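Quick note: the coordinates plus some simple rules give every number you see, no bench work behind them. The model shown is predicted, which means the values in this text are computed figures rather than measured ones. Cβ placement follows ideal geometry from the backbone for every residue including glycine, while neighbour counts extend to all protein chains displayed.
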Amino acid sequence: MTDFSRYDRQIKLPEIGEAGQKKIQKARVLIVGAGGLGCPSAMYLAAAGVGTLGLVDHDIVDATNLHRQILFTEEDIGRNKAEAAKSALQKRNSSIAIKAYSKPFDIQNASSLVADYDLILDGTDNFQTKYLINDACMKADKPFVGASIYKYQGQLSVFNYHEGPSYRCLYPTHHYKDNSNCEETGVLGVLPGIMGTMQATEALKIILEIGTPLSGQLKIVDTLTMQDQLIKFLRNDQEIDRIKKEPLSLEEAICSISDQNHLYLDVREPFEQPRPSNKNLLVIPLNQLKDRHEEIPRGDEVHVFCQSGIRSKKAKALLEKEFGFNNLVDAGGIEEII
């Protein structure tokens, strides 16, 4: 007989009991993104006894993550986030199964990953992956709990739940100027903890079939005022039917660099939008510059840009200091050159 003694306090709740704990034990939850949102949601779902947790993240732990990604310690710097999170969670609850996927959630694996779990949590910070999660869940008829953070404000909702609205019903199109992340804008460290814990709460409600999940409702939390808003939105059958019929694909926002006379170096990550369609463009993410700096010409001017202008400065300084480049121009953020 399974020993549920560690879960005594939640089993005492009449809506849960041992029958509910068995539901939690059988549940399989996939968390896409083991960062600011994924860490607290994973911690509480593991503590609650969710039988199988999947963690998807290809990124590595950086010192700048530690103020909000609370599963990690200084000893984890340089480790893959999914693997580091698995190690930390297994120490907290050795009775559950934890699977680490140290790779991106992408068009090749989205369907197979979603198919293997009952419920998906979105802990990502880019719109392209959010749409991909939504579409894969929609096709597989799986619910997902979505959250996002911006500076001091967070958003939370439940999508594709019992024929309810999808992420595309709330955001049918994406405006790339709204696409931002913590690296570019900053974030209050406790905010993802608050929102990630709420994601875990919604997940447990769905698993246990108790309460009222936030399906068709967008919860907005402002930590500066501690005021909440609840916005209702409806299912868009036309949009849902379209996605179900079409092959799984990635959302793209295309733009063009106005200057055709110089070579430009894009140091953003591949998922970041919009993507310039120019031929006078070289794409090398910041974290790959040390290994790929020889691809950058040293004769003509090379204009370096990123999303907002922060990483372009870092890239220029790194290339000049470590590899002796003297032909680089800091072009700032993407919006300054299109």
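Worth pointing out:
- Computed from the C-beta positions of Asp259 and Ile77, the FRET efficiency with R₀ = 45 Å rounds to 0.75.
- The slack in the chain from Leu282 to Lys99, taken as 0.36 nm per residue of separation less the alpha-carbon distance, amounts to 62.3 nm.
- Range in the chain, longest, excluding exposed trypsin sites (Lys or Arg not before Pro) [loop by DSSP; at most 12 other beta-carbon atoms within 10 Å]: 13-278
- Gaussian network model of the chain, Cα within-10 Å springs - most flexible of Asp291, Asp125, Asp141: Asp291
- Here the sum of -39500 (n - 2.57) over DSSP H runs of 4 or more residues, divided by the residues of the chain, equals -9500 deg cm²/dmol at 222 nm, to the nearest 500.
- Residue pairs exceeding 24 angstrom between C-alpha atoms, taken from Lys103/Lys130; Lys26/Lys99; Lys91/Lys130; Lys99/Lys244; Lys22/Lys130: Lys91/Lys130; Lys99/Lys244; Lys22/Lys130.
- The residues packed around Ala85, meaning those with a beta-carbon under 13 Å from its beta-carbon, carry a net charge of +2 if Lys and Arg are +1 and Asp and Glu are -1.
- Qualifying GluC sites (Glu not before Pro) in the range 289-334, DSSP loop, other Cβ atoms within 10 Å at most 15: Glu301
- Difference of contour (0.36 nm per residue) and Cα-Cα distance, Glu18 to Asn236: 74.6 nm
- Candidates Gly17, Gly49, Gly38, ranked by Gaussian network fluctuation over the chain, Cα under 10 Å, top entry: Gly17
- By other beta-carbon atoms within 10 Å, ranking Ile254, Ile210 with the fewest at the front produces Ile254, Ile210.
- Calculated P(r) of the range 254-336 - Cα pairs past 15 Å, %: 50
- Relative to the current alpha-carbon distance between Asp330 and Asp3, full extension at 0.36 nm per residue lengthens the span by 111.7 nm.
- Least to most buried among His293, His162, His58 (fewest other Cβ within 10 Å first): His162, His58, His293
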